[in-house]
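The values are calculated or read from the model by the stated rules, or taken from the named source; none is laboratory data. Here the structure is a predicted model, which means the values were calculated and not measured. Here the Cβ positions follow ideal geometry from the backbone for every residue, glycine too, while neighbour counts run over all protein chains shown. Each accessible area value is taken on the protein alone, full model and side chains, heavy atoms only, with ligands, DNA and RNA left out. Shrake-Rupley method; radii C 1.70, N 1.55, O 1.52, S 1.80 Å.
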Amino acid sequence: MDRCEELAAVSAIGHGIERVHLSPEHARVNEMAAGWMAGVGMRTWRDQAGNQWGRLEGREPGLPALVLGSHLDTVTDAGRYDGMLGVVSAIEVAARLVPRAAELPFALEVVAFSDEEGTRFSTALTGSFAVAGNWHEDWWERTDRDGVSVRSAAERFGLDPARIGEAARRPEELVGYLELHIEQGPHLEAAGRPLGVVSSIAGARRFTGRVVGEARHAGGTPYGKRKDALVGASQVVLAVERLAVELGGIATVGRLQAFPGGVNVVPGLVEFTLDVRAEHDEQRDVLVDAITAYAQEFCGLRGLGFELIEVHAAAGVYCDADLVESVTAGIAATGDPEPLTIWSRAGHDAMAIAAVTPVAMIFVRCEDGISHAPGEKVTLEDVAIGIDAFEATVLDVARRRA
């Protein structure tokens with residue numbers, strides 16, 4: 001908990017935090033995490049995607065690694081535990097297992113991923129995608145709101161874009177990946193449970209959208225002549241929620257901006273973002289199609305243009321059955337013999353890493369399910385139980401591989 005507060009102090013803005021990929025603050029928290037890893041006795045390095053790593057050898061040098069970790073970047077106006085709790089918990093588990101490292105049938109690695117949220121360049125999971133060998137070359141040319149490209153930011157950070165492939169890990173190098181994370185939802189709290197087992201992670205699709213109308217004088221333009229882009233966009237936003245509820249998915253418009261933005265001007269253009277997810281990819285894709293069809297029809301009737309451009313897509317992932325059994329055993333070791341199983345509505349680095357190694361996750365209860373906001377809270381007692389379960393999970397994986 002104290003280390004989460006130390007990390008939170010880097011990039012604190014008011015009551016919240018904003019720490020984005022390849023920023024000076026990113027470099028500072030990497031250095032902090034590397035120092036803690038080294039203090040445990042781990043060999044540390046930063047890969048060419050900006051991820052920070054530590055490694056503790058097992059019963060013999062060079063064994064495949066069981067990786068523990070999460071991310072250190074944040075959304076805008078973030079809380080103190082999303083991602084960060086998973087990193088510091090992984091380091092604590094590694095510290096506890098140092099005396100038993102010579103017994104482990106694998107190496108133990110901790111990773112602090114660099115860009116899970118995608119806040120700066122609107123492309124999430126880039127650090128973990130790079131580790132899975134799925135870096136997309138067109139990402140180098142994406143720019144932030146100041147026009148700085150990923151390539152330029154990486155070079156300023158001290159990375160070499162030509163060496164991005166060196167961040168990729170091979171399946172034979174890895175045993176699996178385990179991630180502890182706050183739930184970011186209310187289900188554990190409602191059930192009165194401190195911990196849960198994650199069954200799967202929802203696949204997300206993200207879009208930038210535009211409703212195109214005509215900017216005209218607010219007083220002089222009669223309603224029959226108006227092509228008000230904001231009226232069209234507002235109806236689309238309402239339909240996003242309605243269709244998500246009807247079709248059993250989750251869809252969110254997180255940002256909406258009208259142009260030209262004059263108090264006495266009919267908006268001629270609205271730009272917005274759309275995030276769509278569901279427990280199953282097919283269900284999610286049906287929802288995307290329904291939203292698109294409604295928006296095109298409504299905007300067409302109003303004489304408005306509608307555009308939707310996909311900027312991120314991640315397939316849903318099922319957690320590995322064997323690792324889920326180990327997580328279940330780890331939680332059971334803390335006194336909950338039948339842990340609650342939950343599918344993750346939020347995306348995580350585990351879903352990218354699943355392309356190269358088996359994955360599983362532990363959820364920790366958070367107050368009222370609040371996340372991606374300064375009100376994010378966990379209790380010391382829940383975190384302590386979570387770390388105990390995390391350690392027990394690693395030992396169960398070791399037992400199964402012995």
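Condition (residue is under 24 Å from residue 168 (Cβ atoms) and open to solvent by 60 Å² or more (accessible area, probe 1.4 Å)) applied to the stretch 12-30: is it met by at least one residue?
Initially, the stretch 12-30 is screened for residues under 24 Å from residue 168 (Cβ atoms), giving 20-23, 26-27, 29-30.
The next check asks that each one be open to solvent by 60 Å² or more (accessible area, probe 1.4 Å); those that pass are none.
Checking the stretch 12-30: not a single residue is under 24 Å from residue 168 (Cβ atoms) and open to solvent by 60 Å² or more (accessible area, probe 1.4 Å).
Residue-by-condition table, conditions (1) over 22 Å from the mean Cα position of the chain (by Cα); (2) closer than 30 Å to residue 221 by Cβ:
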| residue | (1), (2) |
| --- | --- |
| 273 | no, yes |
| 279 | no, no |
| 296 | yes, yes |
| 300 | yes, yes |
| 309 | no, yes |
| 317 | no, no |
query = In the stretch 320-334, which residue that is among the hydrophobic types (A, V, I, L, M, F, W, C) and in contact with a Pro (Cβ under 6 Å, 6 or more places away or on another chain) is surrounded by the most Cβ atoms within 10 Å (Cβ to Cβ)?
reply = 331
key: Search result, residues across the stretch 155-186 that are in a helix (DSSP H, G or I) and within 20 Å of the chain's Cα centre (by Cα)   = 167
note = When the stretch 374-402 is checked residue by residue, the ones that are open to solvent by 50 Å² or more (accessible area, probe 1.4 Å), of a type outside the set (A, V, I, L, M) and under 24 Å from residue 322 (Cα atoms) are 388, 399, 400, 401
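Could you say which residue among 252, 273, 292 is touching a helix residue (DSSP H, G or I) at 6+ places or on another chain (Cβ under 8 Å), hydroxyl-bearing (Ser, Thr, Tyr) and surrounded by 14 or more Cβ atoms within 10 Å (Cβ to Cβ)? First the steps, then the outcome.
Working: 273 fails: touching a helix residue (DSSP H, G or I) at 6+ places or on another chain (Cβ under 8 Å); 292 fails: touching a helix residue (DSSP H, G or I) at 6+ places or on another chain (Cβ under 8 Å).
None of the other options fit; the residue is 252.
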query = What is the one condition in (1) at negative phi; (2) surrounded by fewer than 23 Cβ atoms within 10 Å (Cβ to Cβ) that residue 201 does not satisfy?
reply = (2)
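Does the stretch 206-220 include one or more residues that are open to solvent by 20 Å² or more (accessible area, probe 1.4 Å), of a type in the set (D, E, K, R), at pLDDT 95 or above and closer than 17 Å to residue 312 by Cα?
Going through the stretch 206-220, the residues open to solvent by 20 Å² or more (accessible area, probe 1.4 Å) turn out to be 206, 208, 210, 212-220.
Keeping just the survivors that are of a type in the set (D, E, K, R) gives 206, 210, 214, 216.
Adding the requirement that they be at pLDDT 95 or above leaves 210, 214, 216.
Imposing the further condition that a residue be closer than 17 Å to residue 312 by Cα reduces the set to 210.
Yes, the stretch 206-220 has at least one match.
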message = Go through (1) at pLDDT below 95; (2) open to solvent by less than 30 Å² (accessible area, probe 1.4 Å); (3) in contact with an Asp or Glu (Cβ under 9 Å, 6 or more places away or on another chain) for residue 42 and report which single condition fails.
response = (1)
task = State the number of residues belonging to the stretch 319-365 that are under 13 Å from the mean Cα position of the chain (by Cα) and among the hydroxyl-bearing types (Ser, Thr, Tyr).
result = 1
Matching option when the condition is open to solvent by less than 60 Å² (accessible area, probe 1.4 Å) and assigned to a strand (DSSP E or B), among 236, 311 = 311
Hits in the stretch 214-233 (condition: touching a Pro at 6+ places or on another chain (Cβ under 7 Å) and either on the phi > 0 side of the Ramachandran plot or not in a helix (DSSP H, G or I) (or both)) = 215, 228
query = Looking at this structure, is residue 86 modelled with pLDDT of 95 or more and either open to solvent by 10 Å² or more (accessible area, probe 1.4 Å) or in contact with a Phe, Trp or Tyr (Cβ under 7 Å, 6 or more places away or on another chain) (or both)?
reply = no
task = State which residue pairs qualify: first residue within 20 Å of residue 251 (Cβ to Cβ) and inside the stretch 218-236, second residue open to solvent by 30 Å² or more (accessible area, probe 1.4 Å) and part of a helix (DSSP H, G or I) in any location, beta carbons under 6 Å apart, and separation of 6 or more residues or different chains.
result = 235/298
ask   = Which condition does residue 134 not pass, out of (1) crowded, with 19+ Cβ neighbours inside 10 Å; (2) over 30 Å from residue 377 (Cα atoms); (3) under 17 Å from the mean Cα position of the chain (by Cα), if it passes all the others?
value = (1)
ask   = Which condition number does residue 329 fail, the rest of (1) at pLDDT 95 or above; (2) touching a strand residue (DSSP E or B) at 6+ places or on another chain (Cβ under 7 Å) being met?
value = (2)
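Which one is farthest from residue 42 (Cα to Cα), of the residues in the stretch 100-119 that are open to solvent by 50 Å² or more (accessible area, probe 1.4 Å) and touching a Lys or Arg at 6+ places or on another chain (Cβ under 9 Å)? Show your work before the answer.
At the first step, the residues of the stretch 100-119 found to be open to solvent by 50 Å² or more (accessible area, probe 1.4 Å) are 100, 102-103.
Going one step further and asking which of them are touching a Lys or Arg at 6+ places or on another chain (Cβ under 9 Å), we end up with 102-103.
Details: 102: 14, 103: 16 Å.
Out of the qualifying residues, it is 103.
Which residues, counting only those in the stretch 239-257, are β-branched (Val, Ile, Thr) and outside any loop (DSSP other than H, G, I, E, B)?
Passing the criteria: 240, 245, 250, 252.
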